[in-house]
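I have placed the structure first, in the form of structure tokens, so that the comments after it can refer back to it.
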Amino acid sequence: MVETIYQRTWVSRDEAELKLTSLVKTEDDTVTLSIMSADEVEFVFIHKEKVVDDNDSAERIDTSGRPDRSKTSDTEDEIGDDDEQSNPGTVTKIKTHFKNQFKYGFMAIGASIEGFNSVIRPVICIDATHLKARTKGILLVVVCKEGNEMIYPLAFGFANSECTQLWTWFLKKLRKVIQYPDRVMLGSDRHNGIFNAMEAIFPDAAHGICAYHLAQNLKRFCKQRDDVIWLYYRVTYAYRIEDFDHAMAELKETYCKVYDELLGTRVEKFSRVHIPRKKYFLMTNNIDESINSCLLAVQKLPTIAVDSDFWIM
């Protein structure tokens, strides 16, 4: 069989030049250098070697102690031992196909986890944005706000596409890093995958819908009528039940289809006065969009480079 040995290290530029000059490699070997910062370089060396083995004739990847990939089902690994030394409490997990192909990824830095569980407001916004490299995929973002109204990243994830299976796996990992999951308020858009996963993984937490995304969904029921959307915002942002009831009655008279759609959505998902947890004025997922706009350059990188870029940030 052919045994593939994969080595990935971060070295200084001088060390990288020394490695290149002293490296003994064949024509089948691959060496890749990626500049990660002003002083550091990611050095990747892939060496293929023929090994006689009667029991195994398939190609495998030896990743220095990682589990064997000869199984026929999806597998899950915990990685990042080096990161654990510099960032205690860091959680980094990946899920792969049985052919050792990347499927899902989850990453939460230890300092972010500790800060959230200690002093950060328990309101979490969850969203996904598209990666634009050759392999495509999506980037999952979990952020919140601290007392000074500054955006606080909590966790990130990677996947090939959005679905209920992905969000269920991702939210399971997120729940494990939250000290009191029953006290949090989760906000998102109306994607069915997120909603189904939230109901299954965070049944004891409160769930909210981004007011802006819901407004965009309602526009298809009212033919872009501004007066109807204005009434919707009155309903959503009402501070008193009397104001909410009055706005809902007016909305029912103005456009019944939007009224029925809001009732079907359940008022505790979008109404400020009915939400069972404090939202600290965080009625939209704009902070997710702000993070996504900061990551425009990162979205064009391969997944492994995106992960490394987060550690530099």
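All of the numbers you see were taken from the coordinates with simple rules; none came from a lab. Being a predicted model, the structure only gives us computed values, none of them experimental. No Cβ is skipped: glycine too gets one built from the backbone with ideal geometry, and neighbour counts run over all protein chains shown.
Computed from the C-beta positions of Ile241 and Glu114, the FRET efficiency with R₀ = 45 Å rounds to 0.70.
Under 5 Å from the amide H of Met185 lie the amide H atoms of Val123, Ile124, each residue being 5 or more positions distant or on a separate chain, with H modelled from the backbone and absent for Pro and chain starts. Under 19 Å from a label point set 7 Å out along the Cα-to-Cβ vector of Thr265, the amide N atoms of segment 182-209 belong to 185-199, 206-209.
Packing around the peptides 182-193, 224-235, taken as the average count of other Cβ atoms within 10 Å per residue, puts them in this order, highest first: 182-193, 224-235. Counted residue by residue at 0.36 nm each, then reduced by the alpha carbon distance between them, the extension gain from Arg183 to Lys278 reaches 33.2 nm. Distance from the alpha carbon centroid of segment 159-195 to that of segment 220-263 works out to 29 angstrom. Which parts of segment 235-272 would a label at Arg225 reach, counting a residue when its backbone N lies under 20 Å from a point 7 Å out along Cα-to-Cβ? Correct set: 235-237, 244-265.
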